[in-house]
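Okay, so here's the structure we're looking at.
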Amino acid sequence: MFFDVRAAKQLQPGEHLVVDGCEGLRLVASASKMTWTYRYKSPASGLMKQTAIGPYPKMRASEAAAVWETLRAKRAEGVDPKEYLRQQRKPAAPPPAAAEVFTVRRLVQDYITHHIEHERKAAGATAARRALEKLLEEEPEFAEMLATGVTRSTCFNILEARKATPTAAQKLRSMLGAAWARALDAGRIDEDVPNWWPTLMKGKLKSKGKIVGGEHQGQQRRVLRDDEVGALLNWLPNMHELGRDVTVMYLWTNARGVEICGMRPEFITKESDGWWWTVPKAMTKNARFANAVDLRVPLIGRALEIVQRRIKALGNSGLLFEDARGEQYTQHDFSTYIYHLQPYSAKVARREGDGLVLPVTHWTPHNLRRTSRTVLAALGCPREIAEAILGHLPPVIEGTYNSHTYDAERRLWLTRLAKHLERLARQARAPARP
């Protein structure tokens, strides 16, 4: 190799200088700089090509010759020198970040973000998120454990510490089991990692019933007797209007509280056979099932009177059941109201005997729904019709082949139910015979 430094200094813009012994290596001059280049035939097309190697004099002739030697060897291997240099000049990829530590906290947060907040309704999602976040707050060591390192005994201890509230512990176990299952399905934890939650404390987390006066009442399936129903109906004028109307809607329609309190005027229609309330599928408990449909409820007697009255007095919320603030009167609001009319409520004691105590005690709003379903059975209503009135889905096989809506039957049996309830109210008002 021979390079004439003096000749290089005399190069004019547009001129070039070849390097003896290095075929294709050139020093090219422009108006502002001089650049080492390699001129070669493309191994793919055979056409002449040129690629810059580096600036002169920053890159010395010996350094340019070394690069030229590498590029010539690459061309002989069938690699385009220009493409080779482009790949070499790409910025080096940053070193891979340390793998994220997949803790229990991260596993639970993933489950909240990607499942609970997408699959559950707003109220249910909020309650589930609070329960899981409360667990992480109460158990900081558990929250920071590696998800793959959670042992069976760790899971057991988490549930054992909460067995005093078995229903809440059951729900927590179910959600944690689902969270681990999701992490396994998504590949966030190795498939060999066991999911202990579904197998723990089976049959041992049973509800002890609601607490009344500081004591668990045990599991109860409370159904009001006929005389209790009559007494309650005659006591309704003592309630405020919202509480009175919701109580009647429970008994006369068999609907759920969330469905009643979410009623809107557009759900009410007058059809050839009478008035109907159509609860959209999305508002029912069956919303997650593909074969579920809107719930059809015939409005009869007192239920129809309440709906028509409330439509005429509709507030700004667009809901039939609106509280004094103009907001939705919720199922929780109604449950709280009924509880504070029971003699064991602390609020009753503070009212100092004002007479606002229910004559029928130890019941919840859901017991009204159970009572009306029981009355339907006592009146002879066929099971499949009564279950359709409740909005329960039929068994899989039956649901596959039976698409009958039971509209006529719903109206028939809810009419009979309304007449029976009115008869119970009259009997309760009648003076006792001597």
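The values are calculated or read from the model by the stated rules, or taken from the named source; none is laboratory data. This one's a predicted model, so the numbers in the text were calculated from it and none came from an experiment. Positions of Cβ are backbone-derived with ideal geometry, glycine not excepted, and every protein chain shown enters the neighbour counts.
What the table shows:
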quantity	calculated
Count - residues of region 401-434 that are part of a helix (DSSP H, G or I), modelled with pLDDT under 95 and among the aromatic types (Phe, Trp, Tyr)	1
Residue match in region 273-284 (condition: in the same structural domain as Gly318 (by TED's automatic domain parsing), crowded, with 16+ Cβ neighbours inside 10 Å, in contact (Cβ under 8 Å) with a residue 40 or more places away in the chain and within 18 Å of Tyr329 (Cα to Cα))	yes
Unique match (being at positive phi, surrounded by 18 or more Cβ atoms within 10 Å (Cβ to Cβ), modelled with pLDDT of 90 or more and not basic (Lys, Arg)) among Gly380, Gly301, Gly318, Gly391	Gly391
Candidates Ile306, Ile389 - the one that is within 17 Å of Ala255 (Cβ to Cβ) and touching a strand residue (DSSP E or B) at 6+ places or on another chain (Cβ under 9 Å)	Ile389
Residue count, region 227-262 (criterion: within 30 Å of the chain's Cα centre (by Cα) and among the aliphatic types (A, V, I, L, M))	5
Which numbered condition Pro166 fails, given (1) surrounded by 15 or more Cβ atoms within 10 Å (Cβ to Cβ); (2) closer than 23 Å to Ala186 by Cα	(2)
Residue in region 121-163 that is surrounded by the most Cβ atoms within 10 Å (Cβ to Cβ), counting only those that are of a type in the set (Val, Ile, Thr) and touching a residue at least 12 places away in the same chain (Cβ under 8 Å)	Val150
Residue under evaluation Glu83, criteria (1) of a type in the set (D, E, K, R); (2) under 57 Å from the mean Cα position of the chain (by Cα); (3) modelled with pLDDT of 85 or more, criterion not met	(3)
Inter-residue pairs, beta-carbon under 7 Å, first within 22 Å of Pro298 (Cβ to Cβ) and modelled with pLDDT under 95 and in region 236-252, second outside any helix (DSSP H, G or I) and not aliphatic (A, V, I, L, M), 6+ apart	none
Every residue from region 405-430 that is over 11 Å from Thr253 (Cα atoms) and among the hydroxyl-bearing types (Ser, Thr, Tyr)	Thr405, Tyr406
Complete set of residues in region 347-366 that are outside any loop (DSSP other than H, G, I, E, B), surrounded by fewer than 18 Cβ atoms within 10 Å (Cβ to Cβ) and either at pLDDT 90 or above or outside the structural domain of Tyr337 (by TED's automatic domain parsing) (or both)	His366
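The rows are residues; the columns are (1) touching a Ser or Thr at 6+ places or on another chain (Cβ under 9 Å); (2) at pLDDT below 90.
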position	(1), (2)
Thr103	no, no
Arg106	no, no
Gln109	no, no
Lys121	no, yes
Arg130	no, no
Glu133	no, no
Glu138	no, no
Glu141	no, no
Leu146	yes, no
